[in-house]
């Protein structure tokens with residue numbers, strides 16, 4: 001059994017988190033019941049004072065956040081510098097790719113234009129030397 005309720009128990013009680021031990025203790029302990037009543041009266045008084053307060057409600061305007069001009073200027077300058085570099089690198093890559101494609105086509109052409117397969121070339125050389133004699 002609980003000896004007396006702590007301030008944490010009272011806060012949980014007010015928030016609606018009530019356990020069976022707390023309920024039993026509050027039913028049997030007049031000191032804790034008086035403390036809970038005092039706590040509830042203080043909260044009720046605070047609530048009444050808020051309701052009677054004549055402070056005008058605060059209206060919040062949406063804040064439009066804009067980037068500082070120096071950030072925009074820096075971004076624009078970065079794009080102006082990076083665009084030609086990117087374009088040059090892209091053209092260089094395209095030229096290298098075209099060169100590689102040309103070399104591949106030449107290899108294919110050489111392979112297709114042979115009169116005999118590569119494995120038969122030593123035999124063809126032998127035949128040529130025999131015919132030359």
Hey, any idea what the orientation-averaged projected area of the convex hull of region 7-52's Cα atoms comes to, in nm²? 3.3
Could you give the Stokes-Einstein D for the chain in µm² per second, using the C-alpha Kirkwood radius, 37 °C, 0.692 mPa s? 126
Within region 118-133, what residues put their amide N at less than 14 Å from the label point 7 Å along the Cα-to-Cβ vector of residue 110? 118
Take the Cβ-Cβ distance between residue 74 and residue 97 as r, set R0 to 35 Å, and report the resulting FRET efficiency rounded to the nearest 0.05. 0.55
Applying 1/(1 + (r/R0)^6) with R0 = 41 Å to the Cβ-Cβ distance of residue 14 and residue 64, what FRET efficiency is obtained, to the nearest 0.05? 0.50
Give the peptides 82-88, 59-65 in descending order of average Cβ contacts within 10 Å, highest first. 82-88, 59-65
Which length gain, in nm to one decimal place, applies between residue 55 and residue 89 when the Cα-Cα distance is subtracted from 0.36 nm times their residue separation? 5.7 nm
Inter-centroid distance (Cα atoms) of region 6-39 relative to region 63-78, Å: 58
How far, in degrees from 0 to 90, does helix 121-132 lean away from the longest principal axis of the Cα atoms of the chain, to the nearest 10? 10
When the helices in the chain are scored as -39500 (n - 2.57) per DSSP H run of 4 or longer and the sum is shared across all residues, what 222 nm value do you end up with, to the nearest 500 deg cm²/dmol? -25000 deg cm²/dmol
Rg (Å, one decimal) plus Dmax (Å, integer) for the alpha carbons of region 77-132? 22.9, 74
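Every number here is computed from the coordinates shown, using simple stated rules; none is lab data. This structure is a prediction, so every number in the text was calculated from the model and none was measured. Every residue, glycine among them, receives a Cβ derived from its backbone with ideal geometry; neighbour counts consider all protein chains shown.
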